[in-house]
Amino acid sequence: MRTLDPAAPDLSAFIRPGDRVLCAQTCAEPSLLAAALPAAHAAVGPFETFVGTVVSTSFDHAPETMAFAGYGAMGRAARLARRGQLDVWPLHYSALEAGFASGAIRADVVLLQLAQGPGGYCATLANDYVLAAARHARCVIAQVNARAPWCVGAELDPELRIDAAVETETDLVEAASAPSGETEAAIARYVAGLVPDGATIQIGVGALPDAVLDALEGHRDLGIHSGVLADRMAGLIARGVVTNARKTLEPGISVGNLVIATQRLFNMIDGNPAFALRPAAHTHAIGTLARQERLVTINSGIEVDLLGQVNAERADGQPVGGTGGLVDFTRGAQLAPNGRAILVLRATDRSGERSRIVPRVQAVTIGRADVDTVVTEYGVAELAHLGAAERVRALIAIAAPQHREMLERALREGGAS
């Protein structure tokens, strides 16, 4: 294993023109290696950098000649999309990881961040498609960070070859909770009323999911089985709201695929067997989700149309967000005993001028046959067992009052047929 200079890790000896380079996502991002990619691009020539959800500023000023790909325009990756540098792959998160895990999707160079323990290494803060791809990549380069938490479940296979490493003791990428206001709080109160004590929850990230977690403070014996472990969960665990005691699968353990949080949750996870990071083949698998009793999934959308179709991928004609695990969790929750899939969104954009309940969505992420429950600040629309006409009435009822006439007019004119 070759040792790289932490002051200026040179990646040009490992990357070839035309390569696909995977950089670990979210708080697992190896920041020193990510920062070295523009210099490698200048030295080597064109290659593709595959990114996931980006919460750092590492790529904000990437040269315009650098090409990126990803499974969505999530977090700060949306900036790359607006600049025309990001090729968004329309794949479910579970299918993405399965493709890399089997080698069906090519990965030439993989950049990981690792924690070191007495028994070897673990992939810190993520057990995702990047780790799966490393098993097939031509070259694996690791940032071994003395400050990285040890994450149970993400231990490296001893046979996984690490070709080069940079040893460091540097701050981890953190993702602070998103600010929320009264609109988010109103939506969260409705959602909290739909979540029973003893439920196992899956939840996304952002202002609305954070507000929902805050609204669950009065609940008892909640469990966590989620794609993401987020900061607000730390408070619920510390206050005894989340105990995982009534989970059907893996009782006593908060399960996730990756961590998007701050040092507070990193410290709680470090070496703690009450947390486990599992691959998407477990966290997002419909067969797993369908066995988890009282599974409630809570995710955000951009817009919903009068057919019940959900868009979580485009806004104003631009890529924003992505398919991610939304469909995986929506379908899995509806198959789970006493499960429910909740989609949350503001009734309008922040100006109030544009309705988020629309005659027809810009992109279909969740089809009308898969939608379950939609919540805005104006109420709850339980759509799963409604006919077309009842569904339209339920959705207009939770639209912003100033936009209901427009929606009714669009319906009369055939805009939602």
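The values are calculated or read from the model by the stated rules, or taken from the named source; none is laboratory data. Keep in mind it's a predicted model, so treat the numbers as computed, not measured. Cβ sites come from the backbone with ideal geometry, for glycine too, and all protein chains shown count toward neighbours. The area values use the complete protein model at the heavy-atom level, side chains included, leaving out ligands, DNA and RNA. Shrake-Rupley method; radii C 1.70, N 1.55, O 1.52, S 1.80 Å.
List of remarks:
- Some residue of region 43-65 being out of contact with any His (no Cβ under 9 Å at 6 or more places or on another chain), open to solvent by less than 40 Å² (accessible area, probe 1.4 Å) and over 24 Å from G322 (Cβ atoms): yes
- Condition met for R404 (open to solvent by 40 Å² or more (accessible area, probe 1.4 Å), more than 24 Å from D210 (Cα to Cα), of a type outside the set (A, V, I, L, M, F, W, C) and part of a helix (DSSP H, G or I)): yes
- Residue match in region 104-115 (condition: closer than 20 Å to P319 by Cα and of a type outside the set (D, E, K, R)): no
- Taken over region 298-331, the residue count meeting the criterion of being outside any strand (DSSP E or B) and open to solvent by 20 Å² or more (accessible area, probe 1.4 Å) is 8.
- On the stretch given as region 106-123, residues that are closer than 20 Å to P9 by Cα and assigned to a loop (DSSP other than H, G, I, E, B) total 1.
- Pair list, Cβ < 8 Å and 6+ apart or interchain, from region 138-161 residues that are within 26 Å of S12 (Cα to Cα) to residues that are open to solvent by 80 Å² or more (accessible area, probe 1.4 Å): V140/R161; V144/Q116; V144/E167; N145/E169; A146/Q116; A146/E167; A146/E169; L160/R135
- Against the numbered list (1) within 19 Å of the chain's Cα centre (by Cα); (2) closer than 23 Å to A148 by Cβ; (3) open to solvent by less than 10 Å² (accessible area, probe 1.4 Å); (4) not charged (D, E, K, R), A73 comes up short only at (2).
- Note on region 347-371: residues that are in contact with a Gly (Cβ under 6 Å, 6 or more places away or on another chain) and either open to solvent by 20 Å² or more (accessible area, probe 1.4 Å) or acidic (D, E) (or both) total 2.
- Top-ranked residue of region 252-288 - restricted to ones that are free of Cβ contacts under 8 Å to residues at least 40 places away in the same chain and farther than 23 Å from A134 by Cβ, ranked as farthest from the chain's Cα centre (by Cα): G252
- For region 166-180, a residue qualifies if it is open to solvent by less than 60 Å² (accessible area, probe 1.4 Å) and more than 22 Å from the chain's Cα centre (by Cα), and the qualifying residues are V166, T168, T170.
Per-residue answers, yes or no, for (1) within 23 Å of the chain's Cα centre (by Cα); (2) open to solvent by 20 Å² or more (accessible area, probe 1.4 Å); (3) free of Cβ contacts under 8 Å to residues at least 60 places away in the same chain:
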site: A333; (1), (2), (3): yes, no, no
site: L345; (1), (2), (3): yes, no, no
site: T373; (1), (2), (3): yes, no, no
site: T376; (1), (2), (3): yes, no, no
site: A381; (1), (2), (3): no, no, yes
site: R391; (1), (2), (3): no, yes, no
site: I398; (1), (2), (3): no, no, yes
site: R409; (1), (2), (3): no, yes, yes
site: G414; (1), (2), (3): no, yes, yes
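- Filter pass, E408 being of a type in the set (D, E) and over 26 Å from T283 (Cα atoms): yes
- Restricting region 132-165 to residues that are of a type in the set (A, V, I, L, M, F, W, C) and open to solvent by 40 Å² or more (accessible area, probe 1.4 Å) leaves a set whose member that is farthest from V212 (Cα to Cα) is A146.
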